[in-house]
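Chemist: The structure that follows is given in the form of structure tokens.
The values are calculated or read from the model by the stated rules, or taken from the named source; none is laboratory data. Everything numeric in this text was worked out from a predicted model, so none of it was measured. Quick reminder, even Gly has a Cβ in these numbers, built from the backbone with ideal geometry, and neighbours come from all protein chains shown. Calculation scope for accessible area: heavy atoms of the full protein, side chains included, ligands and nucleic acids excluded. Shrake-Rupley method; radii C 1.70, N 1.55, O 1.52, S 1.80 Å.
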Amino acid sequence: MLTLAVLISGTGSNLRALLDAASHPDFPARVVVVGADREAEGLAHAEEFGIPTFTVPWGSFDSREAWGEELARELDVWTPDLVVLSGLMRLLPASVVARYAPRIINTHPAYLPEFPGAHGVRDALAAGVTQTGASVIVVDDGVDTGPILAQERVPVHPGDTEHSLHERIKPVERRLLIDVVRRIATGELALTG
Ligand code: GRF
């Protein structure tokens, strides 16, 4: 049984999908802890499933490195097999990536390497593309530059707002994430740095 630590910053809809999938007895992974860089709304999903949570408030540290060290200390308590960034809106410091790589994956609402970074949906809209996508990657010490594990195209509709496009992308992200976690858990998908 693959143990997962999931890190979020926001509503946690991707986390929720993972929790729902993991609640099925035949799913080969389970979430053991959920962490956030703030009092994220999505922590409520973990509480609903009785899963421990922790927060490492970004604003309480005077550097990314100090924040990352505390995050790593919290993660080490749970010794997860895999760390899943699912809506964590922070770049992990190199020290944390080095500690867990390649056992860290991330979901991104674009068809990488297109539109990396914190505003992938907004950037796709601004670029006027007719299609974007969703990607699941291995986290390395770049910005969304790690090996791509899964990705799928998502159409942009005329009149799309950032919200409407992001809400069309998220279900694809969730499906890709759950499938990637399943394939890692069964050994079908090997993680490389
Ligand atoms: C997801 O699209 C994720 O890829 C991006 O932020 C969004 C988080 O959504 N980093 P949610 O918090 O899972 O609803």
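Chemist: Of all the stretches in the chain, which is the longest one without any exposed loop site, taking GluC sites (Glu not before Pro) in a DSSP loop (any state but H, G, I, E, B) with at most 14 other Cβ atoms within 10 Å?
Modeler: 42-187
Chemist: Let's see if you can work this out: charge +1 on each Lys and Arg Cβ, -1 on each Asp and Glu Cβ, no other charges. What is the dipole magnitude of the stretch 2-185 about its Cα centre, in debye to the nearest 20?
Modeler: For the stretch 2-185, the charge dipole is close to 420 debye.
Chemist: What angle do you read, to the nearest 10 degrees and between 0 and 90, between the alpha-carbon axis of helix 162-185 and the longest principal axis of the chain?
Modeler: Around 50 degrees separate the two axes.
Chemist: Quick one: of the DSSP bridges fully inside the stretch 2-185, what percent are antiparallel, nearest 5?
Modeler: About 40 percent, rounded to the nearest 5.
Chemist: With angles folded into 0 to 90 degrees, how steeply does helix 13-22 sit against the dominant principal axis of the chain? Use alpha carbons for both and round to 10.
Modeler: 60 degrees
Chemist: So, for the stretch 87-178, what is the accessible surface per residue at a probe of 1.4 Å, expressed in square angstrom?
Modeler: 46 Å²
Chemist: Shifting gears a bit: Net charge around ALA29, counting only other residues with Cβ within less than 14 Å of its Cβ (Lys, Arg = +1; Asp, Glu = -1)?
Modeler: Every neighbour counted, the sum reads -1.
Chemist: Related question: For helix 64-78, report the angle its Cα long axis makes with the longest principal axis of the Cα atoms of the chain; keep it between 0 and 90° and round to the nearest 10°.
Modeler: The two axes meet at around 60 degrees.
Chemist: At a 1.4 Å probe, what is the % contribution of carbon and sulfur to the accessible area of the chain?
Modeler: Roughly 53 percent, rounded to a whole number.
Chemist: Mind jotting down a quarter of the surface of the convex hull over the alpha carbons of the chain, in square nanometres, one decimal?
Modeler: Result: 10.3 nm².
Chemist: Taking the dipole about the Cα centre of the chain, with the C-beta of Lys and Arg at +1 and of Asp and Glu at -1, give me whichever of VAL156, VAL139, GLY10 is farthest to the positive side.
Modeler: About the Cα centre, the residue reaching furthest to the positive side is VAL156.
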